[in-house]
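Heads up, the thing below is written out as structure tokens.
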Amino acid sequence: MAGVEMFPKEYGYVILVLVFYCFFNIWMGAQVGKARKKYKVPYPSLYAVESENKDAKLFNCVQRGHQNSLEQMPVFFLLTVLGGFKHPCASAVCAALFTLTRYFYFTGYSTGVPENRNKIGKYGYFALLGLVVCNISFAVTLLRG
């Protein structure tokens, strides 16, 4: 296939992990939809108001878990795509670990106890750091020509 030769063979792992994260994101969005019905939070409200809804904190924790994952997505995707050009396997492993920790972040947050998001979720930042290292290595390689 034309143009595919410019990618390392293992770059397919990078793509697969990112596609998996997309499905994971859809799953989190569905959990927010279920929480909307369960806690009676109608659209277009992004968050429930505590003075109007006794379950506001429970809903808001589910919503924030997903929202935070959306906020992290651009940086995560960029670091994964670029770092994967030089280090596809390392980038794919870091991305998979980040995705796994995001699951625990989301499910921990969804308990309604915000502190639960960090029991395992906080370790995702080590995976992001690994992606940063892959990107620095790639940049140095390009600059050295």
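Does T111 fit the bill of being in contact (Cβ under 8 Å) with a residue 40 or more places away in the chain and in a helix (DSSP H, G or I)? Taking the combined requirement at face value, the residue does not satisfy it.
Scanning segment 34-46 for residues that are within 14 Å of S110 (Cα to Cα) and surrounded by 12 or more Cβ atoms within 10 Å (Cβ to Cβ) yields A35, R36, K38, Y39.
This table checks each residue for (1) modelled with pLDDT under 95; (2) in contact with a Leu (Cβ under 6 Å, 6 or more places away or on another chain); (3) more than 30 Å from V41 (Cα to Cα).
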| site | (1), (2), (3) |
| --- | --- |
| L70 | no, no, no |
| M73 | no, no, no |
| G83 | no, yes, yes |
| T101 | no, no, no |
| Y105 | no, no, no |
| L129 | no, no, yes |
| N135 | no, yes, yes |
| G145 | yes, no, yes |
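From the list K86, K122, which residue is closer than 20 Å to G12 by Cα and basic (K, R)? One residue alone meets the criteria, K86. The C-beta contact set for segment 132-143 (first residue in contact (Cβ under 8 Å) with a residue 24 or more places away in the chain, second residue assigned to a helix (DSSP H, G or I) and of a type in the set (S, T, Y), distance under 6 angstrom, 6+ apart or interchain) comprises C134/S91.
For segment 99-122, the set of residues classified as within 13 Å of the chain's Cα centre (by Cα) and surrounded by fewer than 16 Cβ atoms within 10 Å (Cβ to Cβ) consists of K122 only. Within segment 67-98, the set of residues being assigned to a helix (DSSP H, G or I), over 9 Å from the mean Cα position of the chain (by Cα) and crowded, with 21+ Cβ neighbours inside 10 Å comprises L79, T80, G83, G84, P88, S91, A92, C94. Of the candidates V41, V4, the single residue that is more than 16 Å from the chain's Cα centre (by Cα) and at pLDDT below 90 is V4.
The values are calculated or read from the model by the stated rules, or taken from the named source; none is laboratory data. All of these numbers come straight from a predicted model, not from anything done at the bench. Cβ sites come from the backbone with ideal geometry, for glycine too, and all protein chains shown count toward neighbours.
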